[in-house]
Amino acid sequence: MDADIAVKPFVSPPYWLLAELTYRCPLHCAFCYNPVNYDAVRNELTTAQWIEVMRQARALGAVQLGFSGGEPLMRDDLEELVTEAHRLGFYTNLITSGVGLNEPRIAALKHAGLDHIQLSFQDSTKELNDFLSSTKTFDLKKKVAALIKQYDYPMVMNCVLHRHNLPHIDKIIEMALGLDAEYLELANTQYYGWAMKNREQLMPTREQLRDAEQVVASYREKIGKRCKLLFVVPDYFEDRPKACMNGWGSVFLGVAPDGVALPCHNARDLPGLTLPNVRDKSLGEIWHDSSAFNAFRGDHWMQEPCRSCPEKANDFGGCRCQAFMLAGDPAATDPVCSKSPLRHRVDEIIVNAAIPRAATTPEKPIVFRTHINSRASAKIDPA
C-alpha cells in the first residue's frame, strides 16, 4: 500500500480541516471514536505548530475548521487558536462535551470569532447521560446549553444513539426543544474505536431502529422548522455503504494531537499505511503526494464487485476502516453493501443483537474510555 501510486486522480483541496487538539477528555464515553490506545499518543502539537497547520491548510484551500478531541477545551490555548483561525478566514466549529465552558471562556471564544458550537449529550436523563459518560455532567451540560443561547450561538445538539437510549428518542427530542435547539443530530453509533470494542453492548435491534425512525418522522411533521432533526442510520442497517468522508483524501484532512495527518478519523487502525506527520512534511506534500492519502483515491485499488459497480463514483466502495474491521482487508468492498460477498457477517451481527440474553449468560460489561482500559487495549491490540 506504501508503494508509489502510478496514476494519481485529480485531487481537490481539503475543504474541511479537523484539528483534534488533544485526546485528553473528562468523559469516558463507551462509543468514543478516538483510538482505543489513545493513552499512548503523547507529545501534543504546540500552539505555534497548530497555527502553522492552520495557515498551511488555509493556503491549500480549506475553508471549514473543526476544533475537536478528546475535549478541545482542555487546551489552554484554544482561544488563541480560534483567534488565528478567524483571522485566516476559516468558518470555525467547536465540538465539545461542554465541560470547561463557563461564562468567561465562552465570552473569550465569542470575542475570538468562534462561529459555531456543537454540544453533545449522552441522553435526556441525568441517570443514563452520566452512566454512559461515566461522569456527573448532565446538569453542567444544561447550563452550558443556556450559555450557548445567551451568547447568541445557534443551539446545535448532538446525541449518539444505541440500544440503551433509542427507546426514548422522543424524550431526547423533547429535551432539545426545551433547550430551544435549532438543530439536533441524532447520530446512531458507528462502530469504530471504543464503539467497536463495545459493539455487542451498543448494537440496537432492527425494531428499535425502525421505531425510532418513525418517532423522528412524527416529530418532523409536528415541529416543522422549529428544530431540524438529522437522523443518521447506522451503516450496518443500510443496503449500500455511505460515501465515507466523501471519498478518501477528497475533502477531509484530520490532524491528530501528535501531528499525525489522517485521511479519516480512524486511519490509525489500518495496517500498511505510513501516516505522515505535520512535523516532518508540509500539508501540501501530505495532501498531494503521501502514499497514505493516495492509497484509496480513485478506483485503482478497488476489488470486485466495486471495480465494476456503476455506483463506485457515488459511494467510493464505502468505508475503508469498516472494510478492515469486518473483512480483514481495507481494500475490500465494505461488507455493509448488499453486493459484498461478506454481507452475511453484518446480517449475523444484527440478528444476534435481537437475541435475548439468557439469565445464565449475562451481558458483558461496557468498557469505558479510560486511561487504564486504553493501556490494556494497547497491550492486546498494539498500534
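The values are calculated or read from the model by the stated rules, or taken from the named source; none is laboratory data. As the structure is a prediction and not an experimental result, all values here were calculated from the model. Note that we place each Cβ from the backbone using ideal geometry, even for glycine, and neighbour counts take in every protein chain shown. What goes into the accessible areas is simple: the full protein's heavy atoms, side chains included, and nothing from ligands, DNA or RNA. Shrake-Rupley method; radii C 1.70, N 1.55, O 1.52, S 1.80 Å.
Counting only protein heavy atoms and using a 1.4 Å probe, the accessible area of Thr96 comes to about 10 Å². Considering all C-alpha pairs of region 1-119, those separated by over 26 Å amount to 27%.
Dipole of region 203-351 (Lys/Arg Cβ +1, Asp/Glu Cβ -1, origin at the Cα centre): which of Phe237, Val216, Val351 lies farthest to the positive side? The residue sitting farthest along the positive end of the dipole is Val216.
Calculate the translational D of region 268-317 in whole µm² s⁻¹ from Stokes-Einstein, where the hydrodynamic radius comes from the Kirkwood formula applied to all Cα pairs, the temperature is 37 °C and the viscosity 0.692 mPa s. It diffuses with D of about 263 µm²/s by this estimate. Once the cut-off is 17 Å, how many percent of the Cα-Cα pairs in region 131-181 end up in the long-distance tail? The calculated P(r) of region 131-181 puts 41 percent of pairs beyond 17 Å. Surface composition of region 1-139: carbon and sulfur atoms hold 57% of the protein heavy-atom accessible area at a 1.4 Å probe.
For the chain, adding -39500 (n - 2.57) for each run of n ≥ 4 DSSP H residues and dividing by the number of residues yields -10000 deg cm²/dmol at 222 nm.
Across region 283-296, computed HN-Hα scalar couplings (Karplus, 6.51 cos²θ - 1.76 cosθ + 1.60, θ = phi - 60°) run 5, x, 5, 4, 5, 8, 10, 5, 5, 5, 6, 8, 4, 10 Hz from first to last residue, x flagging Gly and Pro.
Note on region 149-252: the alpha carbon radius of gyration divided by the globular reference 2.2 N^0.38 Å gives 1.17.
Measuring with a 1.4 angstrom probe and ignoring ligands and nucleic acids, Phe293 comes out at about 0 Å² accessible. Given a Förster distance of 30 Å, report the FRET efficiency between Arg307 and Leu230 from their Cβ-Cβ distance, rounded to the nearest 0.05. In this case the efficiency is close to 0.40.
Taking the charge dipole of the chain about its Cα centre, with +1 at Lys and Arg Cβ atoms and -1 at Asp and Glu Cβ atoms, the residue from Gly178, Gly254, Phe121 reaching farthest to the positive side is Gly178.
Measuring nothing but alpha carbons in region 211-250 and taking Rh as the Kirkwood radius, the Rg to Rh ratio lands at 1.12.
Along the chain, the longest continuous region that contains none of the GluC sites (Glu not before Pro) in a DSSP loop with at most 16 other C-beta atoms within 10 Å is 1-181. Once the 1.4 Å probe is applied to the protein heavy atoms, region 260-304 comes out at 38 Å² accessible per residue. Amide H contacts under 5 Å for Leu161: Ala187, Asn188, Thr189, restricted to partners 5 or more places along the chain or on a different chain, H placed in the peptide plane at 1.01 Å from N.
Electrostatic bookkeeping for Pro154 treats Lys and Arg as +1 and Asp and Glu as -1; over the other residues with beta carbon under 12 Å from its beta carbon, the sum is -2. Taking all protein chains together, Ile372, Ile366, Ile148 sort by accessible area into Ile372, Ile366, Ile148, largest first [probe 1.4 Å]. Spacing of the modelled spin labels on His300 and Arg87, each 7 Å from Cα toward Cβ, amounts to 4.1 nm.
Between Lys143 and Thr205, full extension at 0.36 nm per residue minus the direct alpha carbon distance yields a gain of 19.0 nm. Computed from the Cα positions only, the extents of the chain along the three principal axes stand at 55, 53, 44 Å, in decreasing order.
Distance from the alpha carbon centroid of region 275-340 to that of region 174-250 works out to 24 angstrom. For every other residue with a beta carbon closer than 10 angstrom to the beta carbon of Cys306, add +1 if it is Lys or Arg and -1 if Asp or Glu, then tell me the sum. For residues surrounding Cys306, the net value is -2. Figure note: Lys197, Lys141 ranked by solvent-accessible area, largest first, 1.4 Å probe, ligands and nucleic acids not counted: Lys197, Lys141. Each Lys and Arg contributes +1 and each Asp and Glu -1, all at the Cβ; summed about the Cα centre of the chain, the dipole is approximately 360 debye. Across the alpha-carbon set of region 281-381, the Rg to Rh ratio works out to 1.10, Rh being the Kirkwood radius.
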